[in-house]
1. May I ask you to verify whether HIS289 is at pLDDT 95 or above, assigned by TED's automatic domain parsing to the domain that holds ASP334, over 27 Å from PRO131 (Cβ atoms) and buried (at least 21 other Cβ atoms within 10 Å of the Cβ)?
2. For segment 122-138, give me each residue that is assigned to a helix (DSSP H, G or I) and farther than 15 Å from ILE296 by Cα.
3. List pairs: first residue in segment 321-346 and touching a residue at least 40 places away in the same chain (Cβ under 8 Å) and within 26 Å of VAL122 (Cβ to Cβ), second residue surrounded by fewer than 21 Cβ atoms within 10 Å (Cβ to Cβ) and of a type in the set (S, T, N, Q) anywhere in the structure, Cβ distance under 8 angstrom, at least six positions apart or on different chains.
4. Take segment 116-137 and flag every residue that is farther than 21 Å from GLN380 by Cα, of a type outside the set (Gly, Ala, Ser) and in contact with a Phe, Trp or Tyr (Cβ under 9 Å, 6 or more places away or on another chain).
5. Test VAL159 against the stated conditions and say whether it is touching a Phe, Trp or Tyr at 6+ places or on another chain (Cβ under 8 Å) and in the same structural domain as ARG318 (by TED's automatic domain parsing).
6. Only residues that are surrounded by fewer than 21 Cβ atoms within 10 Å (Cβ to Cβ) and either in contact (Cβ under 8 Å) with a residue 60 or more places away in the chain or assigned to a loop (DSSP other than H, G, I, E, B) (or both): list them for segment 222-231, please.
7. Return the total of residues in segment 145-181 being free of Cβ contacts under 8 Å to residues at least 60 places away in the same chain and not hydrophobic (A, V, I, L, M, F, W, C).
8. Kindly indicate which of ARG192, ARG210 is assigned to a loop (DSSP other than H, G, I, E, B), among the basic types (Lys, Arg), out of contact with any His (no Cβ under 7 Å at 6 or more places or on another chain) and touching a residue at least 60 places away in the same chain (Cβ under 8 Å).
Amino acid sequence: MNVLLNLESLAPPLTGVGRYSLEILRGVTESKEVSRVYSFVHYHWVDPSDFVVTNSSQTLVAGKRKFQAVKDIIKKIPYAFQLKNNLDDLFFYRQSKKLKNCLYHETNYVCRPFPGPKVVTVHDLSHIHYPEYHPRDRVEWLNRGLRKTLENAEQIITVSRYIKDELVAMMRLDPQRVKHIPLGVNPEYRVRTGSEALPVLEKYNIHNLRYVLVVGTLEPRKNLQGLLEAYSRLTAEMRREHPLVIVGARGWRRSHFQPQMAALASRGEVLPLGYVPESDLPFIYAGAHGLAFPSIYEGFGLPPLEAMACGVPVLAGRSSSIPEVVGDAALLADPRDPDRLGQGLHRLLTDSEFRRQAASQGPIRARGFTWERCLQETLQVYARALES
């Protein structure tokens, strides 16, 4: 079979959808079941080998910046953004008609018009449940395009059973058309000795700290504000001993929690590292005393699983798909209740029995989630789409 992939989500900083898209690209490129891989950014054809080797090409970075500049101008013109999307769709359709015996897998919610079989991955429905957590143009784009995509796609993938159940119920879909395929953990995320992690930890000046790690884009949905409130309930001594190390790119509406974060940072209790290279992340995980993941809503939630693979104890929100992912190997707390989160943080840092169990059970739990399994089940979905 031939496969067509959209690589727009691979522009850095790489988020969850980008990580998923990259792993699918790597998998289909190496698969003996796939004859050829085509890829595009907006409606321009690109060479997929650039992305497999480098994670994301500089061409795409430059293209995204250029597109963002145009997008900012277009936003000021009524209906211009929708018109541009329509033109992109038209150009894409004209070019994609030339592809023969090809399946199109859209890894990012909304398919462009394509004359052949289509598979779409839906990561979550946060734009419906929490539209206030997204820029308005993204919510409008999803509201406009997702239902039509779900009607026309031969097969639909979700990244958790929780999202499959939501999608089937809310969109009234045939469950046979929807397959939940969990994400995987990269083998670089594993238990490491202190000496292995030391060079990277020294690079960020966190090598002498028993830090609590936070990983995720700085935006409201990740509930960093709730975590900061919970963290502030710990004693001053505990905060000095266990600073929050925050890894993540600047996101949308971060100004809501920026003052609180700045106040804690001024005392050395919060250390924002910003976006860090993918190659450094496994070592930063491995050096952590614990991971806090208080997200309110997630389609899957990779950071808890990556921390567990490294033998790091995890506190996560008891919401959406997260309990399905972490099982019994992590602490769970109501992410909307700062008191409960604070109690969870205290236990994460001080309960030696839990920490011992988490260090042994976490890697075992994480081993059940592999990108190889994700790819094989995705190829099976492709086969069903082609049959239909």
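The values are calculated or read from the model by the stated rules, or taken from the named source; none is laboratory data. This is a predicted model, so every value here is computed, not measured. Please note: Cβ atoms are built from the backbone with ideal geometry, for glycine as well, and neighbour counts cover all protein chains shown.
1. no
2. We begin by selecting, within segment 122-138, every residue assigned to a helix (DSSP H, G or I); these are 126-129, 131-133, 136-138.
Result: ARG136, ASP137, ARG138.
3. Within 8 Å, the pairs are PRO335/SER319.
4. Those that are farther than 21 Å from GLN380 by Cα, of a type outside the set (Gly, Ala, Ser) and in contact with a Phe, Trp or Tyr (Cβ under 9 Å, 6 or more places away or on another chain): ASP124, LEU125, HIS127, HIS129, TYR130, TYR133, HIS134, PRO135, ASP137.
5. No: the conditions fail for VAL159.
6. If the condition is that a residue be surrounded by fewer than 21 Cβ atoms within 10 Å (Cβ to Cβ) and either in contact (Cβ under 8 Å) with a residue 60 or more places away in the chain or assigned to a loop (DSSP other than H, G, I, E, B) (or both), then GLU229 is the only one that fits.
7. Residues that pass the stated criteria total 15.
8. So the residue among ARG192, ARG210 that is assigned to a loop (DSSP other than H, G, I, E, B), among the basic types (Lys, Arg), out of contact with any His (no Cβ under 7 Å at 6 or more places or on another chain) and touching a residue at least 60 places away in the same chain (Cβ under 8 Å) is ARG192.
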